[in-house]
1. Rounded if a/c is under 1.5, else prolate if a/b is larger than b/c, else oblate: which is the chain, with a ≥ b ≥ c the root eigenvalues of its Cα gyration tensor?
2. Relative contact order, percent, of the stretch 125-207 when contacts are C-alpha pairs under 8 Å separated by at least 6 residues?
3. With each run of n ≥ 4 DSSP H residues scored as -39500 (n - 2.57), what mean residue ellipticity at 222 nm is computed for the chain after dividing by its residue count and rounding to the nearest 500 deg cm²/dmol?
4. Once neighbouring chains are kept in place and the probe is 1.4 Å, which whole percent of the accessible area of the chain is contributed by carbon and sulfur?
5. Count neighbours as other Cβ atoms within 10 Å of each site's Cβ, and list the chymotrypsin sites (Phe, Trp or Tyr not before Pro) in the stretch 1-77 that are DSSP loop with at most 12 such neighbours.
6. Which of the DSSP-defined H helices in the chain satisfy a minimum axial length of 30 Å, computed from C-alpha atoms, and a minimum mean Kyte-Doolittle hydropathy of -1.0?
7. Please state the relative contact order of the stretch 31-140 as a whole percent: Cα pairs under 8 Å, 6+ residues apart?
8. Could you please state, rounded to a whole Å, how far the C-alpha centre of the stretch 33-48 is from the C-alpha centre of the stretch 154-199?
Amino acid sequence: MMFQTDEPLAIPLWINGHAYLTLAPAFQDVRNPASGVVLRRTPLCGHGEAQKAVEAAQDALTLWATQTRDARANLLSALGAALSEYAGHFARLIVEETGVDSEAAEAEVSGAIELLIGNAAGKAAAEATRPGVVGIVGNSAAPLLGPLQWAVPALRAGATVVIKPNPATPSAIFALAELTGRCAFPGGVFSILHGGEAAVEGLRRVSGVKLLTA
């Protein structure tokens, strides 16, 4: 899990089921909006890292898509249960990176838990997703729940996902990726690519990726 240290550290990518460090050409400071303190740094990646994330997602497709829908739903429910155990930690990550109050952050985490366990609907369009690689561009307004509203229905349908969070608010969704490893998700099913427009353009340039915006 992500914890604050005395020095701001670069947050890794999550590719093929594990943290992935890269020598990005530049980094963006992740600041607490209230205090201005630099919490960590986000690598601003491009086409090369996008290609690696998509290749891992493509390699995972056959295994993931051939599991039953119930098996995939059970893994997502297990992820929701794991998230509920760390709900307070995730809410704090959201508060410190977005500046929202604790109540709003807790509500976002609760919504993510309900979505993963299957008690809430995601984006309707994602329900029709066919097995393939789905790229999801996150935003800073809902850094955890926003991308999950696309990702969860796509994952249930047998697709694999590469999420590119907003570089100012990357930590909650990265911490969730860490939990996918604890919940025995196959490597490549749920990946995190960091960066700005160059990373989005990298996803656009890779053949076979359906790109969605949270």
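1. oblate
2. Contact order relative to length: 30 percent.
3. -15000 deg cm²/dmol
4. Working: 4630 of 8990 Å².
Reported share for carbon and sulfur atoms: 52 percent.
5. F3
6. Sorted by number, there is nothing, because no helix extends far enough and scores high enough.
7. 32 percent.
8. Spelled out, the Cα-based centre of one part sits 17 Å from the other.
The values are calculated or read from the model by the stated rules, or taken from the named source; none is laboratory data. Note that the structure is predicted; figures quoted are calculated from it, not measured. Quick reminder, even Gly has a Cβ in these numbers, built from the backbone with ideal geometry, and neighbours come from all protein chains shown. Note: accessible area is taken over every heavy atom of the protein model, side chains too, but ligands, DNA and RNA are not part of it. Shrake-Rupley method; radii C 1.70, N 1.55, O 1.52, S 1.80 Å.
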